There are 2 protein chains.
Amino acid sequence: MITEILTVGTEILLGNIVNANAAFLSRELAGIGVSVFRHTSVGDNHKRLKNAFANAFEKADVVITTGGLGPTQDDITKGVAAEYFGLELEMHEESRQRIITRFAGRTLPESVERNALVPQGATVFPNENGSAPGICIESGGKILIMLPGPPHEMQPMFLNHAAAFLRGKTDGVFVSRTLKIIGIGETAVETRLQDLIDAQTNPTIAPYAKVGEVHVRLTASALNETAAHDLLSPVADEIYSRLSPQIYGEDETSLAEIVIAMLKAKNQTVAVAESCTGGLVSADLVSVAGCSSVFLEGFTTYSNEAKIARLSVSPSLLETHGAVSPEVAAAMAEGAAKAANATVGISTTGIAGPDGGTESKPVGLVYVGLFIAGRETITAKFNTIGNRAEVRCRSTMLALDFLRRNLPLDNPPTEC
Amino acid sequence: MITEILTVGTEILLGNIVNANAAFLSRELAGIGVSVFRHTSVGDNHKRLKNAFANAFEKADVVITTGGLGPTQDDITKGVAAEYFGLELEMHEESRQRIITRFAGRTLPESVERNALVPQGATVFPNENGSAPGICIESGGKILIMLPGPPHEMQPMFLNHAAAFLRGKTDGVFVSRTLKIIGIGETAVETRLQDLIDAQTNPTIAPYAKVGEVHVRLTASALNETAAHDLLSPVADEIYSRLSPQIYGEDETSLAEIVIAMLKAKNQTVAVAESCTGGLVSADLVSVAGCSSVFLEGFTTYSNEAKIARLSVSPSLLETHGAVSPEVAAAMAEGAAKAANATVGISTTGIAGPDGGTESKPVGLVYVGLFIAGRETITAKFNTIGNRAEVRCRSTMLALDFLRRNLPLDNPPTEC
């Protein structure tokens, strides 16, 4: 089932928004075995949109559009589609009632009711998060699915309605596993997997560089999910055998989730002391629902005064080694754990830039400190690259990864 | 000069990456008066890419590609383009030397040298951040510009080389101003600007909903920048007259930058106490280079114990009102300022979800506290929407905005 994704909106062509809808739909379609052969984006222009339909349906069995379903004059997708297929628009009473309910207590703008007009004979997908219903036209062996543009309307509509509709038309699945890797670069990952990448057929193997990490995505095509997983497993196992310490997790699992789960499993509690990352390490841990049983406290001690007052870092240590040093990183990690009465303390101190770098301590230099009760405090030195935001993001990930890698090792604290 | 952006890469069609390159190029092209009429994305497939060239050049004078310039078998853009235009590939010695220099001290993989092959007669854009040079082919009144896929290579190459090349071919500019609004939703913004939006011609007026804020982008087309700004000013002024308190800044300026600049201008220092945001408010302030003169310290006090120990919040206050209450928000803000010896304290406490909500304190409820030396401590209550990440992001922005709005008002502290 060859599919094209056609995103409609002048804001896309002006670069005012990034086309996240096309990425979302592609990912989801791959998951249900629908092969996307092209993305096209056109503006809110009658003639160009009509041409785009014609162009897409030359090859595609299915065209999925997003955008242009609203009630304003810019919203032309529905009208152009009706014209393209030679269908009249008619009132869809259920959608009209839904809109009226949605506006209960507020004045119903006349324009909004136009949302309830759909091409005759179309299948309607209800919009649980907005006014414009989704519309599916089947005609002459072709399928056109029109979804609203706002992601919080489009995504649930696709997942709850359009996906099931399409699933009924396919005979096979794509299943993916994404192995998430931190601590080595994309080139090094590729080099170590080169023979597998060269020999790939099914599953396919694709490495992607992200800020601070590399993802390797394996995608298998099979008749059903079990068969797809059977194809994926041996390849994933082989990659684990080569990169295991650097693979922190898979798919949607975040590094912070892994770390929180490890701390929970080991009955540890953690406190964080941050300089250059300025709260990002704490914020990442707090992004995990239920973190409160292990995350006790975070200290953003950007100034030396705060490092001294809050973390009991000695002024002479700061004087002798400077705030960006392994000695201060260690003292910060210890100080955070002690102040918060946590069993684990993790710290960051570095030069985030753009200013403040020197020859011996350049922008991007970051030290991470790790205190674990009952063990010797350890530190790591990283030379990160990128602008201020990237240095801080990479440092945050490296700090969490340092904790992930060192928590399970020898000399576990006695209470474990 | 009609332009199409053609992004090449199977990872785009699989949804593994969001097509940020197309958005970046569109935005930059608009800025130099180049009109983008379509985006197309195709996979790493010889026949489809060649068709895409043919298809694009039916309408477009200029086609700009990203991706597929690397040295591996997946990288086919250069070869297909040479074939499309009937050109041979030949070694570009300057690019070859650049690659050799780049790999100085490391073994030069044979494949990498293939990066230095370019179609005969092409203009070459040097790659300051990678191995693959950019390539520009002019033939029969058509222009093909091929840029590498990784954004950190593509963006500087476009800005430093391709933009100048294209600027020499256009006669007019698009200039945009984006007004950034916080505290009212997209629908309310649209309603208040409806007459302007209905009457728009030049500049165009386009509102966009973002998480926690709304952007209104004005775009004027004119012969030169001055003329464009003259078209933009009266419309922007009118929007300011309607929405002024909610407009926190324009274009690339972040809310945190505005807040830091205001604190600096008023000789204030700030400390942050966070519960549900978990470090995001501090991290946002630290994202601003040079924040250290005003940002003293952040306390991520997720637990009640930390609120008591670090911020001197009284246990009875927590007992009586609960951690998520205006009383505790106020005590946190005061406690943070006092502990850090700052003139301003800002706090957040809320229910980030997905669990922990009750009927009287639902998920999304957030209190922000603001202490400013010499004034009465104030608090604000917000009912934010979205998942845990969105609630935390919105809360962070609302806290910074609460500080932005209240810092300049009456009763300035005596030292101002």
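The values are calculated or read from the model by the stated rules, or taken from the named source; none is laboratory data. Note that the structure is a prediction, hence the values are computed from the model and not measured. Note: ideal-geometry Cβ built from the backbone for every residue, glycine included; neighbour counts use all protein chains shown. Surface accessibility is based on the protein's heavy atoms, side chains included, excluding ligands, DNA and RNA. Shrake-Rupley method; radii C 1.70, N 1.55, O 1.52, S 1.80 Å.
The residue that is farthest from B:D251 (Cα to Cα), among those in segment B:187-225 that are basic (K, R) and either open to solvent by less than 20 Å² (accessible area, probe 1.4 Å) or not in a helix (DSSP H, G or I) (or both), is B:K210. The helices (runs of 4 or more DSSP H) located wholly in segment A:43-121 that include 3 or more residues which are within 35 Å of the chain's Cα centre (by Cα) occupy A:46-59, A:77-85, A:93-102.
Taken together, the residues in segment B:263-276 that are open to solvent by 40 Å² or more (accessible area, probe 1.4 Å) and aliphatic (A, V, I, L, M) amount to 1. Would you be able to say whether some residue in segment A:142-158 is within 14 Å of chain B (Cβ to nearest Cβ) and of a type in the set (A, V, I, L, M, F, W, C)? Yes, segment A:142-158 contains at least one residue that is within 14 Å of chain B (Cβ to nearest Cβ) and of a type in the set (A, V, I, L, M, F, W, C).
Selection over segment A:383-404 of residues that are away from chain B (no Cβ under 14 Å) and at pLDDT below 95 gives a count of 1. Is it fair to say A:A228 is within 30 Å of A:L87 (Cα to Cα), buried (at least 21 other Cβ atoms within 10 Å of the Cβ) and out of contact with any Asp or Glu (no Cβ under 6 Å at 6 or more places or on another chain)? Answer is no for this residue.
Annotation: of all residues in segment A:159-177 being within 20 Å of the chain's Cα centre (by Cα) and open to solvent by less than 40 Å² (accessible area, probe 1.4 Å), the one that is farthest from A:K142 (Cα to Cα) is A:S176.
Let's see how each residue does on (1) more than 8 Å from every other protein chain (Cβ to nearest Cβ); (2) closer than 30 Å to A:T65 by Cβ; (3) at pLDDT 95 or above; (4) open to solvent by less than 50 Å² (accessible area, probe 1.4 Å):
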{"site": "B:V18", "(1), (2), (3), (4)": "no, yes, no, no"}
{"site": "B:A30", "(1), (2), (3), (4)": "no, yes, no, yes"}
{"site": "B:D74", "(1), (2), (3), (4)": "yes, yes, no, no"}
{"site": "B:Q120", "(1), (2), (3), (4)": "yes, no, yes, no"}
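Hey, can you tell me all the residues within segment B:119-135 that are in contact with a helix residue (DSSP H, G or I) (Cβ under 7 Å, 6 or more places away or on another chain) and either more than 20 Å from B:L166 (Cα to Cα) or small (G, A, S) (or both)? If the condition is that a residue be in contact with a helix residue (DSSP H, G or I) (Cβ under 7 Å, 6 or more places away or on another chain) and either more than 20 Å from B:L166 (Cα to Cα) or small (G, A, S) (or both), then B:N129, B:G130, B:S131, B:A132, B:G134 are the ones that fit.
Taking segment B:282-312 as the region of interest, how many residues are over 14 Å from B:V344 (Cα atoms) and open to solvent by 10 Å² or more (accessible area, probe 1.4 Å)? Counting residues in segment B:282-312 that are over 14 Å from B:V344 (Cα atoms) and open to solvent by 10 Å² or more (accessible area, probe 1.4 Å) gives 14.
If you check A:G279 against the conditions, is it open to solvent by 10 Å² or more (accessible area, probe 1.4 Å), at positive phi and not acidic (D, E)? In short, no. Could you tell me which residue of segment B:7-16 is farthest from the other protein chains (Cβ to nearest Cβ), considering only residues that are open to solvent by 10 Å² or more (accessible area, probe 1.4 Å) and polar (S, T, N, Q)? So the residue we want is B:T10. Flag: A:L231 matches the condition of being hydrophobic (A, V, I, L, M, F, W, C) and assigned to a helix (DSSP H, G or I). Restricting to segment A:265-282, name every residue that is outside any helix (DSSP H, G or I), under 23 Å from the mean Cα position of the chain (by Cα) and β-branched (V, I, T). Of everything in segment A:265-282, just one residue is outside any helix (DSSP H, G or I), under 23 Å from the mean Cα position of the chain (by Cα) and β-branched (V, I, T), namely A:T277. Considering only residues in segment B:1-16 that are under 22 Å from the mean Cα position of the chain (by Cα) and not β-branched (V, I, T), the one that is modelled with the highest pLDDT turns out to be B:G15. Only a single item in (1) more than 21 Å from A:S287 (Cβ to Cβ); (2) assigned to a strand (DSSP E or B) is not met by A:T178, and it is number (1). Taken over segment A:161-187, the residue count meeting the criterion of being closer than 15 Å to A:T219 by Cβ and among the β-branched types (V, I, T) is 3. Please indicate, with yes or no, whether at least one residue in segment B:41-49 is under 25 Å from A:R27 (Cβ atoms), more than 8 Å from every other protein chain (Cβ to nearest Cβ), at pLDDT 95 or above and open to solvent by less than 10 Å² (accessible area, probe 1.4 Å). Looking through segment B:41-49, at least one residue is under 25 Å from A:R27 (Cβ atoms), more than 8 Å from every other protein chain (Cβ to nearest Cβ), at pLDDT 95 or above and open to solvent by less than 10 Å² (accessible area, probe 1.4 Å).
One line per residue, one yes/no per condition, for (1) part of a strand (DSSP E or B); (2) more than 14 Å from chain B (Cβ to nearest Cβ):
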position: A:R242; (1), (2): no, yes
position: A:G249; (1), (2): yes, yes
position: A:A261; (1), (2): no, yes
position: A:D284; (1), (2): no, no
position: A:L296; (1), (2): yes, no
position: A:Y302; (1), (2): no, no
position: A:A306; (1), (2): no, no
position: A:L318; (1), (2): no, yes
position: A:A323; (1), (2): no, no
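The sole residue among A:K381, A:K361 that is closer than 14 Å to A:T396 by Cα and basic (K, R) is A:K381. All but one of (1) more than 15 Å from B:V270 (Cβ to Cβ); (2) modelled with pLDDT of 95 or more; (3) open to solvent by 70 Å² or more (accessible area, probe 1.4 Å) hold for B:K338, so report the exception by its number. B:K338 satisfies all of (1) more than 15 Å from B:V270 (Cβ to Cβ); (2) modelled with pLDDT of 95 or more; (3) open to solvent by 70 Å² or more (accessible area, probe 1.4 Å) except (1). Here A:S292 passes the criteria (1) more than 23 Å from B:L285 (Cα to Cα); (2) more than 10 Å from chain B (Cβ to nearest Cβ); (3) part of a helix (DSSP H, G or I) except the one numbered (2).
Let me confirm something: among A:F57, A:F103, A:F24, which residue is aromatic (F, W, Y) and farther than 22 Å from B:A209 by Cα?
Values: A:F103 fails: farther than 22 Å from B:A209 by Cα; A:F24 fails: farther than 22 Å from B:A209 by Cα.
After ruling out the rest, the residue left standing is A:F57.
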